[in-house]
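Let me begin by presenting the structure, written as structure tokens, before commenting on it.
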Ligand SMILES: [Zn+2]
């Protein structure tokens, strides 16, 4: 199997899952998942730098869900077809801003978890990468 096959398969299942979950907002999916794993004490849309989707205030953990298009996901980002220069400039400035937000929050001793929108559609990946990480940090 070559890389092109893998990518096509990934994208195909991504597209399928997007159709299934199209009416569910990513932060709602994450909220459900956290509850399912017994994680409590988080808040949605807490007003700090970068407006993370979910924070665990006591433990200073900020969780961001980055949209595949707006934050240039390496798997699903496709160049816009119209007003290309305008959108690319906007998206690049999002990516730059993400880095600034990370630096600023780390400086204020926040722990940062960034999740791709597509990861929320794959429960296995999110469980491994996100739930375990949050659990580990909550224990500290
Ligand atoms: Zn993606």
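The values are calculated or read from the model by the stated rules, or taken from the named source; none is laboratory data. As the structure is a prediction and not an experimental result, all values here were calculated from the model. Virtual Cβ from ideal backbone geometry, glycine too; neighbours counted across all protein chains shown.
Go over the candidates 91, 125, 65 one by one and state the one that is over 20 Å from residue 25 (Cβ atoms), surrounded by 14 or more Cβ atoms within 10 Å (Cβ to Cβ), without any contact (Cβ under 8 Å) to a residue 60 or more places away in the chain and within 16 Å of the ligand (Cβ to nearest atom).
Exactly one residue qualifies, and that residue is 91.
Exactly one condition in (1) within 14 Å of the ligand (Cβ to nearest atom); (2) surrounded by fewer than 12 Cβ atoms within 10 Å (Cβ to Cβ) is false for residue 107; which is it?
Every condition holds for residue 107 apart from (1).
How many residues does segment 92-126 contain that are farther than 24 Å from residue 47 by Cβ and out of contact with any helix residue (DSSP H, G or I) (no Cβ under 9 Å at 6 or more places or on another chain)?
2
Counting only residues that are surrounded by fewer than 16 Cβ atoms within 10 Å (Cβ to Cβ) and either within 13 Å of the chain's Cα centre (by Cα) or within 20 Å of residue 68 (Cα to Cα) (or both), how many does segment 128-140 have?
2
Pull up segment 113-122, narrow it to residues that are in a helix (DSSP H, G or I) and modelled with pLDDT of 80 or more, then point me to the one that is farthest from the ligand (Cβ to nearest atom).
120
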